Amino acid sequence: MSVDKKTVAKIADLARIAVGEDELEPLVGELNNILDWIEQLSEVNTDGVAPMTSVVAVDLPWRTDKVTDGGYRDELLANAPNSEHGFFTVPKVIE
Amino acid sequence: MTKLTELTLAEARDGLVKGDFTSRELTEQYLANMEQGRELNSYIVETADIALDMADKADGMIRGGNATGMTGIPIAVKDLYCTKDVHSCSASHILNGFKPKYESTVTANLWQDGAVMLGKTNMDEFAMGSSNETSYYGPTLNPWRAAKENGEQETKNYVPGGSSGGSVAAVAGGLAIAATGTDTGGSIRQPAAFTGLVGFKPTYGRCSRWGMIAFASSLDQAGPITKTVRDAAIMMESMASYDVKDSTSVERTVPNYEHALTGDVRGLKIGIPKEYRMDGMPEEIETLWQQGIAWMKAAGAEIIDISLPHTKYALPTYYIVAPAEASSNLARYDGVKYGLRVEGDSLDGMYKNTRAEGFGHEVKRRILIGTYVLSAGYYDAYYLKAQKIRTLIAQDFAKAYEKVDVILTPTAPSAAFALGEKSDDPIAMYLNDIFTVPASLSGLPAISVPAGLSKDAMPLGLQIIGRAFDEETVLRAAHALEHAASFTTKPKVWWGEK
Amino acid sequence: MAKYIQGATGEWEVVIGLEIHAQVTSEAKLFSGSSTKFGSEPNTQVSFVCSAMPGMLPVINEECIRQAVRTGLAMGCKINLRSVFDRKNYFYADLPQGYQISQFKDPIVGEGVIEVTLEDGSTKVIGVERLHLEQDAGKSMHDQHPNQTYVDLNRSGVALMEIVSMPDMRSAEEAGAYFRKIRTLVRYAGTCDGNMDQGSMRADVNVSVRRPGAELGIRSETKNVNSIRFMMQVIEFETRRQIDLLEDGGEVLQETRQFDPASGTTSSLRSKEEAHDYRYFPDPDLLPLEFTQEFVDELAKSLPELPDVKKDRLITDFGVTEYNAGVLVAEKDNADYFEELLQDLAQKTGKDKVKLATQAANWVIVDLFGALKKAGKSITDSPVSTAHGAELLALQVDGTISGRIAKDVFEIMLETGNNPEQIVEEKGMKQVSDTGAIEAMIDEILADNQDKV
Ligand SMILES: [Mg+2]
Ligand SMILES: [Zn+2]
């Protein structure tokens, strides 16, 4: 499988990365090189093989239902590029 | 008296407890070396004030008789670890100015034991790279330089390996006694091999990932980069812990790893996987490997040929799984909560501008690959297929460990290469991890030990891979290998004022 | 029998499926230790985990697991002993991680069926496809600033149960009955407060139309409808819109729409072309969720008697009418009030419950509920206790007072909270025949208690 300019533009949009028209062509080449190289995996027979879920055999730990965290808004907002009245802010979303 | 910065971690520990010198004295010498060695670009930020403050506290602990193995030991911390109120950006512009309000579990463990933070080290952006050339803060230089035909030292620069390039350069250059690294596909072991150091990746789940800036969650693991195997054992014991804040951390008591260094490997079964003999692999790597086998045999170990049939598929499998996880892990960098924000005409415009400017080229490339392999219609062919092959790779190891206790391989397919030599050929760069990735995909503990020099006098390493949570046997074998190799060469200082 | 809608070109059938999001009742969030309390100051119930700070990791809240299983059991669904958390990847201002942790391929609860009773007394079985656990998002406020949207993450990470129905509903009435039934069940199980004005329950409404017996039509999905009335409006509007569209030779687009309560209409939010590609994959920060059948059985034991069982019991044991039984069990507190009162009444009168049930049910449903509705009170803060209610009915049963007088006594009880015997005693209401005198007396009492009115 290989990608074209249209696909790369679509992926970049899904990933929310601005990609200029001039950058598309080189990216197509780079990604296809990697995809061609990855292609060799298709020769491996994986019939009836279970996909890896976790490399170590452990059970999912469960937390008790207690309020143990939160209540430090200033520390949350300390690194925010922009915040007002205790809110994070983003460019207005028109709905 | 020898320069304090020439001591190993174990020697420094003993000297501190004996009272031969204080942590402040030791720390001050390292701070001086750091100033001398800025040319190496191994640190992104130096934290001298914090260091001296921690050193004084450590000296107090020692006087009070509360010293641990790490008390008063000045170490460097990879920028990928969140350290409270200190620059923690995974060497990415997108985390521009980020100073977390929390401390990663691994560094908290080290500070708890009295370790001293010298600064945050350079790395490949988000740990995506094998040469430290993808850092937003510029490449780190390898303290080692090759020897020309005439024996003179090269004047060009070499990469320290990656992604923990700043950490290894700091230790190899005498700018830290040891350093924390992180290993996703070889990011501790390969750079350690490139700089004549010991790099240890424990079993996945041994160290908490809480507070480590995620690259690929199912692979990321913390580990020490040190001068010796003993140093690695001491530091590993401090870093490892079960953490209720990390659902993938494993509840097991952490043994005294130093006790495992008995020097006795008689009867130890060491597997030699034939699939690690790659065509096109430099002669000197094969030779070193054979030498390693001979050393272990001489030490009384039993050498057994084994097969890990899916080895050649490990790297492409890794380059599906890791980018897929990364594409999702890095979605949180959107210009809203922290780091860089580049305004745009809309919310999506802001996202796209921020991420276009904030991520470097290699990171973008991996996010795009990861997004593609997870996208509708491709998931089964790529991601699901890769996770199935990952199962097969893990099964190869499981079968092998029915016959052997550890596996011995080269760490990397070559010695450190010149700066820029591979930076425009991604796949050539990816191949650096060909021997380290299989253990990562299987979550197994693995260590790189300096074992010799290339024909042009650059360090080379051998890797020992063990059973899950059997770090002790890995360390015991590594200790014996280190003893046999007795690698003592140090880089000839070319940096700072000559 | 199916109800068809008469269009200009013939009959149409509407097909409805619901995705109900119900907020899990728990102290802390699904994967972090911050509080779920409603209506706190912005971003005060947010941890480093629910604000997606670098290096933060999820750890699951065991109570949320129990609540999901209890709900599954209450709905009579299959419980999956192994389920998997996946990441649903998309970017939005109130989604700090850039993905929502949800369950895609392997939900914690599988298929089941819900039986609902319709106005005409007929019943209908509606399939439940699945219930899965997922994180709620934060809240975006678009009207606080001219060119900024404000983001509050207090809700971010709160546990939700998404209950997905089969496309089995054929009218707004059926959808309303199904939603009400789900609400009754989660309230019985104590897994969701069902509080719709606080957004504890909201529905994504999938509507399509087709010619009777034809293939399923293209559906529209109207998101986040937060009241049953609105949901029924959405269905009516979408049915009409789609039929008109098709009859004018147009076609229905598969799209996401939003409801405007002011106009009672829906409008397009996102078309299929711009549809998301969520790139689901198992969350590598979490292992599969596994538990034993014993764990499930324990939870089953802890559940109260469920409405369907309770209803049958009221009918078969006490001879309560089908309709009355349905009304009484809709809210557990109502059913409990009724049974307590019936118990008292049987004791006081020494008569068999079967002989008293109908009178008691009628009084509770007609007199008491009517009075409570007028006073805007709920059964739990009723001014008339079950004991007093039983006393009042007992006075009628033993002929001390007539039904006519009982109504007057009840009014006084509502005013004063006094017990009926005392009232009847003081006011000498026994065998009083001169109704005029009584009327006067009541007016006087009401006057005395103006302040309480
Ligand atoms: Mg939905
Ligand atoms: Zn949902």
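So, C:Thr71, is that one touching a Cys at 6+ places or on another chain (Cβ under 9 Å), open to solvent by 20 Å² or more (accessible area, probe 1.4 Å) and within 29 Å of C:Ala177 (Cα to Cα) or not?
no
Need the failing condition index for A:Pro51 against (1) buried (at least 18 other Cβ atoms within 10 Å of the Cβ); (2) touching a helix residue (DSSP H, G or I) at 6+ places or on another chain (Cβ under 8 Å); (3) at the interface with chain B (Cβ under 7 Å from one of its Cβ atoms), just the number.
(1)
Could you tell me which residue of the stretch C:27-37 is farthest from the other protein chains (Cβ to nearest Cβ), considering only residues that are more than 16 Å from ligand 2 (Cβ to nearest atom) and surrounded by 21 or more Cβ atoms within 10 Å (Cβ to Cβ)?
C:Thr36
Regarding the stretch B:264-272, can at least one residue be identified that is among the small types (Gly, Ala, Ser), open to solvent by 10 Å² or more (accessible area, probe 1.4 Å) and in contact with a His (Cβ under 7 Å, 6 or more places away or on another chain)?
No, that holds for no residue.
Which ones in the stretch C:88-101 are away from ligand 1 (no atom under 16 Å from the Cβ) and either outside any loop (DSSP other than H, G, I, E, B) or free of Cβ contacts under 8 Å to residues at least 24 places away in the same chain (or both)?
Answer for the stretch C:88-101, where residues must be away from ligand 1 (no atom under 16 Å from the Cβ) and either outside any loop (DSSP other than H, G, I, E, B) or free of Cβ contacts under 8 Å to residues at least 24 places away in the same chain (or both): just C:Phe91.
Could you list, in sequence order, all residues of the stretch B:223-259 that are within 14 Å of chain C (Cβ to nearest Cβ) and open to solvent by 40 Å² or more (accessible area, probe 1.4 Å)?
B:Tyr242, B:Val244, B:Lys245, B:Glu251
Among the residues of the stretch B:11-31, write down those that are open to solvent by 60 Å² or more (accessible area, probe 1.4 Å) and within 12 Å of B:Ala55 (Cα to Cα).
Listed by number, the residues that qualify are B:Arg24, B:Glu25, B:Glu28.
Being of a type in the set (D, E, K, R) and open to solvent by less than 20 Å² (accessible area, probe 1.4 Å), is that true of even one residue in the stretch B:366-374?
Scanning the stretch B:366-374 turns up at least one residue that is of a type in the set (D, E, K, R) and open to solvent by less than 20 Å² (accessible area, probe 1.4 Å).
Could you tell me which residue of the stretch C:157-212 is nearest to the other protein chains (Cβ to nearest Cβ), considering only residues that are in a strand (DSSP E or B) and either away from ligand 2 (no atom under 16 Å from the Cβ) or closer than 19 Å to C:Arg241 by Cα (or both)?
Per the criteria, the residue is C:Asp204.
Go through the stretch B:98-147 and count every residue that is over 30 Å from A:Asp69 (Cα atoms), in a loop (DSSP other than H, G, I, E, B) and among the acidic types (Asp, Glu).
2
Please return the ranges of helices (runs of 4 or more DSSP H) entirely within the stretch C:324-390 where 1 or more residues are closer than 22 Å to C:Leu414 by Cβ and open to solvent by 70 Å² or more (accessible area, probe 1.4 Å).
Ranges flagged: C:332-349, C:369-375.
In this structure, is B:Gly300 more than 14 Å from chain C (Cβ to nearest Cβ), surrounded by 23 or more Cβ atoms within 10 Å (Cβ to Cβ) and out of contact with any Ser or Thr (no Cβ under 6 Å at 6 or more places or on another chain)?
No.
Given (1) within 16 Å of ligand 1 (Cβ to nearest atom); (2) polar (S, T, N, Q); (3) within 8 Å of chain A (Cβ to nearest Cβ), where does C:Thr44 come up short, assuming only one miss?
(1)
Inside the stretch A:66-95, can you point out the residues that are surrounded by fewer than 19 Cβ atoms within 10 Å (Cβ to Cβ) and in contact with an Asp or Glu (Cβ under 9 Å, 6 or more places away or on another chain)?
A:Lys66, A:Val67, A:Gly86, listed by residue number.
For the stretch C:102-132, how many residues meet the condition of being within 21 Å of C:Glu290 (Cα to Cα) and more than 15 Å from ligand 1 (Cβ to nearest atom)?
7
For the stretch C:84-103, what are the residues that are buried (at least 23 other Cβ atoms within 10 Å of the Cβ) and polar (S, T, N, Q)?
C:Asn89, C:Gln97, C:Gln103
Can you confirm whether the stretch C:213-222 contains a residue that is surrounded by fewer than 16 Cβ atoms within 10 Å (Cβ to Cβ), touching a residue at least 24 places away in the same chain (Cβ under 8 Å) and within 16 Å of ligand 2 (Cβ to nearest atom)?
No, the stretch C:213-222 contains no residue that is surrounded by fewer than 16 Cβ atoms within 10 Å (Cβ to Cβ), touching a residue at least 24 places away in the same chain (Cβ under 8 Å) and within 16 Å of ligand 2 (Cβ to nearest atom).
Using beta carbons and a limit of 7 Å, which pairs, at least six apart or on different chains, have the first residue in the stretch C:160-181 and open to solvent by 30 Å² or more (accessible area, probe 1.4 Å) and the second one assigned to a helix (DSSP H, G or I)?
Taking only residues 6 or more apart or on different chains, the pairs are C:Arg180/C:Ile228.
Name the residues in the stretch B:194-215 that are over 28 Å from B:Ala418 (Cβ atoms) and of a type in the set (Gly, Ala, Ser), would you?
Answer for the stretch B:194-215, where residues must be over 28 Å from B:Ala418 (Cβ atoms) and of a type in the set (Gly, Ala, Ser): B:Gly205, B:Ser208, B:Gly211, B:Ala214.
If you check B:Gly97, B:Gly119, which single one turns out to be surrounded by fewer than 24 Cβ atoms within 10 Å (Cβ to Cβ) and on the phi > 0 side of the Ramachandran plot?
So the residue among B:Gly97, B:Gly119 that is surrounded by fewer than 24 Cβ atoms within 10 Å (Cβ to Cβ) and on the phi > 0 side of the Ramachandran plot is B:Gly97.
If I ask for residues that are open to solvent by less than 20 Å² (accessible area, probe 1.4 Å) and either in contact with a Leu (Cβ under 7 Å, 6 or more places away or on another chain) or within 16 Å of ligand 1 (Cβ to nearest atom) (or both), which ones from the stretch C:1-20 would you list?
Selection gives C:Val15, C:Ile16, C:Gly17, C:Leu18, C:Ile20.
Where in the stretch B:309-377 are there helices (runs of 4 or more DSSP H), lying wholly inside it, with at least 1 residues that are within 11 Å of chain C (Cβ to nearest Cβ) and among the acidic types (Asp, Glu)?
The qualifying helices (runs of 4 or more DSSP H) are B:311-329, B:347-358.
Of the numbered conditions (1) surrounded by fewer than 21 Cβ atoms within 10 Å (Cβ to Cβ); (2) under 10 Å from the mean Cα position of the chain (by Cα), C:Cys192 fails exactly one; give the number of that condition.
(1)
All but one of (1) closer than 26 Å to C:Pro54 by Cβ; (2) open to solvent by less than 20 Å² (accessible area, probe 1.4 Å) hold for B:Glu357, so report the exception by its number.
In the conditions (1) closer than 26 Å to C:Pro54 by Cβ; (2) open to solvent by less than 20 Å² (accessible area, probe 1.4 Å), B:Glu357 misses (2) alone.
Residue under question is C:Asp106, and the condition is that it be under 30 Å from B:Leu347 (Cα atoms), crowded, with 17+ Cβ neighbours inside 10 Å and not hydrophobic (A, V, I, L, M, F, W, C); does it hold?
no
Residue under question is C:Asp143, and the condition is that it be assigned to a loop (DSSP other than H, G, I, E, B), farther than 30 Å from C:Thr44 by Cβ and either among the hydroxyl-bearing types (Ser, Thr, Tyr) or more than 16 Å from ligand 1 (Cβ to nearest atom) (or both); does it hold?
In short, no.
Surrounded by 20 or more Cβ atoms within 10 Å (Cβ to Cβ) and at pLDDT 95 or above: does that describe C:Arg187?
The answer is yes for C:Arg187.
The values are calculated or read from the model by the stated rules, or taken from the named source; none is laboratory data. Given the structure is predicted, the values throughout are model-derived calculations rather than measurements. Glycine also receives a Cβ, built like all others from the backbone with ideal geometry; neighbour counts cover every protein chain displayed. Ligands, DNA and RNA are stripped out before the accessible areas are found, and what is left, the full protein with its side chains, is counted by its heavy atoms. Shrake-Rupley method; radii C 1.70, N 1.55, O 1.52, S 1.80 Å.
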